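Asker: Provided herewith is a single structure, encoded as structure tokens, for subsequent inquiry.
The values are calculated or read from the model by the stated rules, or taken from the named source; none is laboratory data. Being a predicted model, the structure only gives us computed values, none of them experimental. Positions of Cβ are backbone-derived with ideal geometry, glycine not excepted, and every protein chain shown enters the neighbour counts. The protein model used for the area step is the full one, side chains on, heavy atoms only, and it has no ligands, DNA or RNA in it. Shrake-Rupley method; radii C 1.70, N 1.55, O 1.52, S 1.80 Å.
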Amino acid sequence: CIRDRYYILDNPSVEDAEYDNLMMELESLENRYPQYIRKNSPTKKVGAFLKTDLGTIIHQNQMMSLGDVFNSNELRDFDEKIKKVVHHYSYVIELKIDGIASSAHYEKGLFTLGATRGNGITGENITKNMLMIQSLPKILTKSIDIEVRGEVYMTNEAFDKVNEIQELNNKKTFANPRNCAAGTLRQLDSRITKQRNLSMFIFCLLYTSD
């Protein structure tokens, strides 16, 4: 199915916009006819299916998924929700980096564990592959226990180079940088991950011992 190809195979059969439209249509139908909602509906799931060959870990704090907004009315609705819980606030707006939500754990300043979001509660152990990400520090300047979260992604330049190599080797090219990054981060062979030059953008500090 479409969801399997996107999350498991990292090889989507439709464009992201079409996938989003289908999900919105399903949500609309479920809101209209709640008696027909299935327990395994895609709208009830967060994140990806797990590649158990990598090994799994349980997140100490659930990793949530960002909500989508597609028009100005939905943006205003979001703002109204914020007003109900926060009296003084401001927004920081930035371009979205389309990658794979991941977490990095440090003990006494040393990187010890990397994990995908997975289904939000259980993630995949991608420690060996995250060690290959040059932009992720492996030793911190302070000896602290900390977890940080962010997006592992692939730049357009790195993506073009990967597809160039795929073509030279008569292999199938990747559809987009996001899915190429997902497949690379979930490789069983970390040497392949190293060759593909992933990057990580960290935006969340979960806890610290300092």
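Asker: Check whether at least one residue in the stretch 107-126 is at positive phi and touching a residue at least 40 places away in the same chain (Cβ under 8 Å), and report yes or no. Full working, then the answer.
Answerer: Just the residues of the stretch 107-126 that are at positive phi, to begin with: 108-109, 118, 120.
Next, only the ones that are touching a residue at least 40 places away in the same chain (Cβ under 8 Å) stay: 118, 120.
Checked the stretch 107-126: at least one residue is at positive phi and touching a residue at least 40 places away in the same chain (Cβ under 8 Å).
Asker: Also, I was wondering about something else. Taking residue 207 as meeting all but one of (1) part of a loop (DSSP other than H, G, I, E, B); (2) closer than 25 Å to residue 108 by Cβ; (3) more than 17 Å from the chain's Cα centre (by Cα), write down the number of the exception.
Answerer: All conditions are met except number (1).
Asker: Name the strands (runs of 3 or more DSSP E) wholly within the stretch 50-118 that hold at least 3 residues that are β-branched (Val, Ile, Thr)? Can you show your working first?
Answerer: Numbers: elements: 56-58, 100-107, 110-116.
Here the list reads 56-58.
Asker: Taking the condition of being under 21 Å from residue 123 (Cα atoms) and either open to solvent by 70 Å² or more (accessible area, probe 1.4 Å) or touching a Pro at 6+ places or on another chain (Cβ under 6 Å) (or both), how many residues in the stretch 146-178 meet it? Show your work before the answer.
Answerer: Step one: list which residues in the stretch 146-178 are under 21 Å from residue 123 (Cα atoms), which gives 146-154, 178.
Going one step further and asking which of them are either open to solvent by 70 Å² or more (accessible area, probe 1.4 Å) or touching a Pro at 6+ places or on another chain (Cβ under 6 Å) (or both), we end up with 154.
Counting residues in the stretch 146-178 that are under 21 Å from residue 123 (Cα atoms) and either open to solvent by 70 Å² or more (accessible area, probe 1.4 Å) or touching a Pro at 6+ places or on another chain (Cβ under 6 Å) (or both) gives 1.
Asker: So which residues in the stretch 132-148 are within 16 Å of residue 101 (Cα to Cα) and either part of a helix (DSSP H, G or I) or at pLDDT below 95 (or both)?
Answerer: Start the filter on the stretch 132-148 by keeping residues that are within 16 Å of residue 101 (Cα to Cα), which leaves 133, 135-136, 147-148.
Of everything in the stretch 132-148, just one residue is within 16 Å of residue 101 (Cα to Cα) and either part of a helix (DSSP H, G or I) or at pLDDT below 95 (or both), namely 135.
Asker: Same structure again: Which of the residues belonging to the stretch 155-197 are in contact with a helix residue (DSSP H, G or I) (Cβ under 6 Å, 6 or more places away or on another chain), closer than 27 Å to residue 61 by Cβ and either among the small types (Gly, Ala, Ser) or not in a helix (DSSP H, G or I) (or both)?
Answerer: 187, 190
A quick yes/no check of all residues on (1) touching a strand residue (DSSP E or B) at 6+ places or on another chain (Cβ under 9 Å); (2) farther than 15 Å from residue 178 by Cβ; (3) at pLDDT 75 or above:
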{"residue": "17", "(1), (2), (3)": "no, no, no"}
{"residue": "20", "(1), (2), (3)": "no, no, no"}
{"residue": "28", "(1), (2), (3)": "no, yes, yes"}
{"residue": "44", "(1), (2), (3)": "no, yes, no"}
{"residue": "57", "(1), (2), (3)": "yes, yes, yes"}
{"residue": "63", "(1), (2), (3)": "yes, yes, yes"}
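Asker: Does the stretch 98-130 hold any residues that are modelled with pLDDT under 95, among the aliphatic types (A, V, I, L, M) and surrounded by fewer than 17 Cβ atoms within 10 Å (Cβ to Cβ), and which are they?
Answerer: Answer for the stretch 98-130, where residues must be modelled with pLDDT under 95, among the aliphatic types (A, V, I, L, M) and surrounded by fewer than 17 Cβ atoms within 10 Å (Cβ to Cβ): just 121.
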